[in-house]
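Participant: Quick one: the structure is below, and I'll ask about it shortly.
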Amino acid sequence: FERFFIFNVLYKNLKKNRSNKVKMKYTTLPNTNIKVSKICLGTMTWGNQNTEAEGHEQMDYAINQGINFFDTAEMYPVPASPETQGRTSKIIGSWFKKTGNREKVVLASKIVGRTSDYTAHIRTTGLSLNAITVALDAELKRLQTDYIDLYQIHWPERLTNTFGVRDYKHDPDDSWKDNFNEVLHALEERLKAGKIRHIGMSNEKAWGAMRYIEESRTHDLPRMCTIQNAYSLINRVFEGDMAEVSLRENMGLLAYSPMAFGVLSGKYIKGTAGEDARLTLFPRFARYSSEQSTEATRRYLKIAEDNNMSLAQMSLAFVNQQPFVTSNIIGATKMKQLKENIESINVTLSDEVLSQINAVHAVIPNPAP
């Protein structure tokens, strides 16, 4: 009996380990031959909520699980501040130096242009050739590398409805001048210098995306191959005009905030969020915390529990399965969270579960724009 008991325990543990083993999936950056993991490691908490050692631990684990795609930005960590700006990239750079793993990673970063008070400590000018050159050289130094695989415009310089603003309201006093052509020419110079390999955009709208595409086609300029926008169960705004642009123009989505700042883990509903949770530390990040978002999250939590899944893995699997998604950018402050998030690549949502999700979406569409 004792031998049978021991064998049974070992068998159950082996079965559990097999079921949790990650088999990473890969795709390619559109219009390139660069293979990237379907899950991308987000880094914006490193240097604020996470220490350098914790960032290194996350990168070690991610690489071992088959993730080869990391995303950062010159302004990280978030919330942005003059004291912390650039720390995240420095943590990645010190890991590259320690491990020699630069060639194993497809590295993405971002540049801010004309800014609001939020990041005025970084740059108050537009994205001129000089601004891009100075910003890129500083980022390469922090990252301890000679090149960045994907260099992205962090958000539009013009006034438009980004970061949770639902509708576009035109401001006739906006001093921005159309500079799509100038920005692409400036990026082309850095491409020719070998300091970046490909370019993308972030937090962009359909008009801006098509303007970049138009300039590329008309003037034989570099092509934006990706767009990094928010996308999750409670923010499916991308599925409107941007999904058509993405699929027809072969411009892949790098989905950020797929967990809606941790809201879609269910921890705020369950009351299990710790004192170091993002929304506890930074209550101003309330983009995903409206009454409608909370109610939608409750309904999604029930669907997940009824189908023997965690809400986190259901939420991430939903993003992973979308045809316009090139890679799903996950982020975590705890290793337990990171492991659960990466394991979502093993989850495939059935048509029945997708129907249940879409039924909630029909009643409470995009409660967090």
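The values are calculated or read from the model by the stated rules, or taken from the named source; none is laboratory data. None of the values given here were measured: they were computed from a predicted structure. FYI the Cβ positions are ideal-geometry reconstructions off the backbone, even for glycines, and counts take in every protein chain you see. Remember, those area values only see protein heavy atoms, side chains included, never the ligands or the DNA or RNA. Shrake-Rupley method; radii C 1.70, N 1.55, O 1.52, S 1.80 Å.
Participant: Residues Leu150, Leu187: which one is open to solvent by less than 20 Å² (accessible area, probe 1.4 Å), of a type in the set (A, V, I, L, M), within 30 Å of Tyr288 (Cβ to Cβ) and at pLDDT 95 or above?
Facilitator: The unique qualifying residue is Leu150.
Participant: Also, I was wondering about something else. Among Glu244, Glu249, Glu275, Glu239, which is modelled with pLDDT of 95 or more and surrounded by fewer than 14 Cβ atoms within 10 Å (Cβ to Cβ)?
Facilitator: Glu244
Participant: Between a residue in segment 178-191 that is of a type in the set (Gly, Ala, Ser) and any residue that is open to solvent by 50 Å² or more (accessible area, probe 1.4 Å), which pairs come within a Cβ distance under 7 Å, given they are 6 or more apart or on different chains?
Facilitator: Once the first residue is of a type in the set (Gly, Ala, Ser) and sits in segment 178-191, its partners that are open to solvent by 50 Å² or more (accessible area, probe 1.4 Å) give Ala186/Leu129.
Participant: Hey, could you check segment 119-130 for residues that are without any contact (Cβ under 8 Å) to a residue 40 or more places away in the chain and either part of a helix (DSSP H, G or I) or not polar (S, T, N, Q) (or both) and say which is farthest from Ala193 (Cα to Cα)?
Facilitator: Filtering segment 119-130 for residues that are without any contact (Cβ under 8 Å) to a residue 40 or more places away in the chain and either part of a helix (DSSP H, G or I) or not polar (S, T, N, Q) (or both), the one farthest from Ala193 (Cα to Cα) comes out as Ala120.
Participant: Test of understanding: among Asp137, Asp220, which residue is on the phi > 0 side of the Ramachandran plot and either out of contact with any helix residue (DSSP H, G or I) (no Cβ under 7 Å at 6 or more places or on another chain) or touching a residue at least 40 places away in the same chain (Cβ under 8 Å) (or both)?
Facilitator: After ruling out the rest, the residue left standing is Asp220.
Participant: Something else now. Is at least one residue of segment 302-323 assigned to a loop (DSSP other than H, G, I, E, B), open to solvent by less than 40 Å² (accessible area, probe 1.4 Å) and under 23 Å from Trp46 (Cα atoms)?
Facilitator: No: segment 302-323 contains no residue that is assigned to a loop (DSSP other than H, G, I, E, B), open to solvent by less than 40 Å² (accessible area, probe 1.4 Å) and under 23 Å from Trp46 (Cα atoms).
Participant: If Met24 passes every condition in (1) part of a loop (DSSP other than H, G, I, E, B); (2) under 16 Å from the mean Cα position of the chain (by Cα) but one, which one does it miss?
Facilitator: Result: Met24 passes all but (2).
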